[in-house]
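One structure below.
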Amino acid sequence: KLSLTLAATVTLNVNDEAMGTVEGAGDVAVGGNVTVKAIPNVGHSFVAWLNGTDTVATTAEYTFEVKEDVALTAHFQKEDDVKLTLAVNDATLGDITCPEGIVKGENTVAYGTKVALTAVPVEGATFLGWYAGEALYNAAYTIEVAVTADLALTANFVKVLNLEYELNGG
């Protein structure tokens, strides 16, 4: 009994190597599925997978059946810088720990920049959450945000009441 498996080559390219990278190239059995990934660099976004001039997918992760040799190009684009504005609702109740280069107030960062923030309440206060406008954005003390649009976050703190003291007339 003779068994023959045909292989095809998946070749991946990028429109500009400064904008991003790709994963998933190699030899694959004809009829098998392959998943390719486009990973944009900070300041860039993924647009589409192209086969020649034809768009075959607009998601950064694309799975397809391999029928023959194929060469795909990941198309990336440069994005405009975005604004990250950080505030505290009451500086007497807490503060924000920011990474180097990020400050309370307005920051201009490259699209896709990841920023780790930590809310630090003072003694006698507690952290309620990170708010974007009136909406709760995240309740965790420490968050990592990938900034892909203008974003204004406020760390909200409240004073902790000592109910025992208050109830006993203290």
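What's the carbon and sulfur percent of the chain's accessible surface, probe 1.4 angstrom, rounded to a whole number?
Details: 5210 of 10450 Å².
After summing per-atom areas, the C and S share lands at 50 percent.
The count of lysine pairs in the chain that are at least 8 places apart or cross chains, and whose C-alpha atoms lie under 29 Å apart, stands at 11. Helical runs assigned H by DSSP (4 residues or longer) give the chain a calculated mean residue ellipticity at 222 nm of -500 deg cm²/dmol, each run adding -39500 (n - 2.57) before division by the residue total.
A probe of 1.4 angstrom, applied to the heavy atoms of all protein chains, finds F64 with accessible area near 30 square angstrom. Using only side-chain charges placed at the Cβ, +1 for Lys and Arg and -1 for Asp and Glu, the dipole size of the chain relative to its Cα centre rounds to 280 debye. Taking a Cβ cut-off of under 12 Å around L84, the surrounding Lys, Arg, Asp and Glu residues balance to a net charge of 0, with basic ones at +1 and acidic ones at -1.
For the pair K67 and K114, label points projected 7 Å from Cα toward Cβ lie 3.8 nm apart. Amide H to amide H, with H built 1.01 Å from N, V56 comes under 5 Å of W49, L50, N51, counting only residues 5 or more places away or on other chains. Measuring only protein heavy atoms, the 1.4 Å probe finds T55 accessible over about 90 Å².
Which whole-number percent gives the relative contact order of the range 17-147, counting Cα pairs below 8 Å spaced six or more residues apart? If you can, show how the numbers build up before the last one.
Values: 253 pairs, mean separation 25.4, N = 131.
With pairs under 8 Å counted, the relative contact order is 19 percent.
Computed about the Cα centre, the dipole magnitude for the range 1-79 is approximately 180 debye when only Lys and Arg (+1) and Asp and Glu (-1) carry charge, each at its Cβ.
Average accessible surface for the chain: 61 Å² per residue, computed with a 1.4 Å probe over protein heavy atoms with every protein chain in place.
In summary, the range 31-146 shows an alpha-carbon radius of gyration equal to 1.54 times the 2.2 N^0.38 Å reference for compact globular proteins.
Placing unit charges on each Cβ (+1 for Lys and Arg, -1 for Asp and Glu) gives the chain a dipole about its Cα centre, and among A116, A135, V14 the Cα reaching farthest toward its positive end belongs to V14.
From the alpha carbon centroid of the range 10-36 to that of the range 55-82 is 9 Å. Could you give me D for the range 107-168, from Stokes-Einstein at 20 °C and 1.002 mPa s, where the hydrodynamic radius is the Kirkwood radius over C-alpha pairs? Units µm² s⁻¹, please. In µm²/s, the coefficient is 160.
Taking every Cα-Cα distance in the range 70-122 and sorting them into 10 Å bins from zero, the calculated P(r) comes out as 20, 39, 20, 11, 7, 2, 0 percent.
The values are calculated or read from the model by the stated rules, or taken from the named source; none is laboratory data. Here the structure is a predicted model, which means the values were calculated and not measured. With ideal geometry, Cβ positions are generated from the backbone for all residues, glycine too; neighbour counts draw on all protein chains shown. We work out accessible area using only protein heavy atoms, side chains counted, and drop any ligands, DNA or RNA first. Shrake-Rupley method; radii C 1.70, N 1.55, O 1.52, S 1.80 Å.
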